[in-house]
Amino acid sequence: MDTERAERPGSADAGRAARRDTAVRAAVAQGLLGPEAPLVGLLDVAGIRKSAAALRAAFEAVVAPGTPVLHAFAVKATPLVPVLRLLDEEGIGAEVASPGELALARAAGVPPARIVLDSPAKTPAELREALALGIAVNADNPQELDRIDAVVRDTGTRSPVGIRVNPQVGGGSIDALSTATATSKFGVALRDEGAREWVVRACLDRPWLTRLHAHTGSQGIPLPLMARGVAETYALAEEINRRAGRRRIDTLDIGGGLPVNFASEETAPTYGEYARLLRETVPGLFDGRYGLVTEFGRSLLARHGTVVARVEYTKTAGGRPVAVTHAGVQVATRTVYAPGAWPLRIAAYDGRGRPKPGPEVVQDIAGPACFAGDLLAEGRALPPLEPGDHVAALDTGAYYFAQHYGYNSLARPGIHGFTLDGAGGASFAVVREPQTLQDIVAESGGAHANALTTLPAPDGR
């Protein structure tokens, strides 16, 4: 396959936009979006499949034939069982970082051999379960490796086991997502005194310790910095194998982190660009001596999700138009609290779900929460919005469906996957039911309404 041509922006990106427009119109026509359902999430099934195929093709083009490669989706990005089942069907496994995420992967039917467990705070019970199932485990620190030692001594394990290292190569433009800084909480910091030698010794002393894992960060990390983190980890593997006199480390987990261009419809950078950069920077990684694991999340799903909200009211404040919608901090927490780091593109649709024409007007897109900063977009040029219109927050397929924020007890929206039906419409499937008021009450202790009033009074009063 000509991966460069396949990934070239243009028709593929335009096709994604056209599918989205069709889906919004169909969602209104079929009643998934309207006065009684003013907020919905949409997932483009064809787009997800295309992303998975692009990832596979990018690495197939650079690895030696026969190299074992596992692409494990970072479940935290979109923790939805139907999504994980779809990705599994497309040859993508699961990277999990909590008991909940592992439960989701198993519910989706992802085989243990295609699951990787990463977390800086694994409990003994989590480790025992993963090692009993044959799930790959990356130890985050020396204390965790001691716990794994105990399990291996007691029961043995069928799991591939690795150590997560922090190459300390620096951060990107978003500090909170930079995981290879000097003081990152993740992994063994290789440049700290004695740390590198500890990792080497740990691997030499344990025949079952066969992997190294590193992850430089995600959004805001430039590709050369990502490649440098991989290069540092590869150099460590080479050192371990040289000192062992044999191939003790046989697999490198290079993490994920490919950033997403949220500024336009263009897919940039691409998996192909990153894979080719890695081949240029770390050619020995692709000569067949090492298996590979990747853990991409945002880049697989972001482009293929859309949050669509009904415009309830419009007003002006200080001369600026304001559209009050049903999408705000509860679905776009990062955007509302850090708009500079997490801006969203907004598309305007009319009451029937058609792209809205008209001269653009600078306006604010506000959410329903009771604080002034609840804005999806501020000072954005869009066609004039009216009550009954719709706004779509684009590129929200990753994290926006994962990080619901319960401010004002606003309900989680329903999520529907869609495919086009070939006749100008779309077919939908429920991915997640909308949260009901009864769900909110139950989640907020509704079954224990008298719990505090029936406690014994202090001092017998």
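The values are calculated or read from the model by the stated rules, or taken from the named source; none is laboratory data. Bear in mind the structure is a predicted one, so any value in this text is a computation, not a measurement. No Cβ is skipped: glycine too gets one built from the backbone with ideal geometry, and neighbour counts run over all protein chains shown.
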Options Ala341, Ala369, Ala327: the member that is surrounded by 15 or more Cβ atoms within 10 Å (Cβ to Cβ), assigned to a loop (DSSP other than H, G, I, E, B) and modelled with pLDDT under 95: Ala341
State the number of residues belonging to the stretch 344-366 that are in a loop (DSSP other than H, G, I, E, B), in contact with a helix residue (DSSP H, G or I) (Cβ under 9 Å, 6 or more places away or on another chain) and either of a type outside the set (D, E, K, R) or within 21 Å of Ser409 (Cα to Cα) (or both). 3
Using the structure shown, decide if Gly351 is within 21 Å of Arg310 (Cβ to Cβ), more than 23 Å from the chain's Cα centre (by Cα), at pLDDT below 95 and of a type outside the set (A, V, I, L, M). no
Go through the stretch 99-214 and tell me which strands (runs of 3 or more DSSP E), entirely inside it, have 2 or more residues that are surrounded by 18 or more Cβ atoms within 10 Å (Cβ to Cβ) and not aliphatic (A, V, I, L, M). 161-166, 209-213
Just to verify a result, which residue in the stretch 246-286, among those that are assigned to a helix (DSSP H, G or I) and of a type in the set (Lys, Arg), is farthest from Ala12 (Cα to Cα)? Arg279
Counted residues in the stretch 102-161 being in contact with a strand residue (DSSP E or B) (Cβ under 9 Å, 6 or more places away or on another chain) and either of a type in the set (Val, Ile, Thr) or not assigned by TED's automatic domain parsing to the domain that holds Leu292 (or both) come to 9
Being among the charged types (D, E, K, R), in contact with a Phe, Trp or Tyr (Cβ under 8 Å, 6 or more places away or on another chain) and surrounded by fewer than 24 Cβ atoms within 10 Å (Cβ to Cβ) narrows Arg289, Arg279 down to just Arg279
Name, by its number, the condition in (1) surrounded by 17 or more Cβ atoms within 10 Å (Cβ to Cβ); (2) in contact with a helix residue (DSSP H, G or I) (Cβ under 8 Å, 6 or more places away or on another chain); (3) aliphatic (A, V, I, L, M) that does not hold for Val391. (2)
Would you mind finding the one in Arg114, Arg164, Arg158, Arg196 that is modelled with pLDDT of 95 or more and either closer than 27 Å to Pro99 by Cα or over 23 Å from the mean Cα position of the chain (by Cα) (or both)? Arg114
Only one of Gly414, Gly358, Gly422 is under 19 Å from Ala23 (Cβ atoms) and either modelled with pLDDT under 95 or crowded, with 20+ Cβ neighbours inside 10 Å (or both); which? Gly422
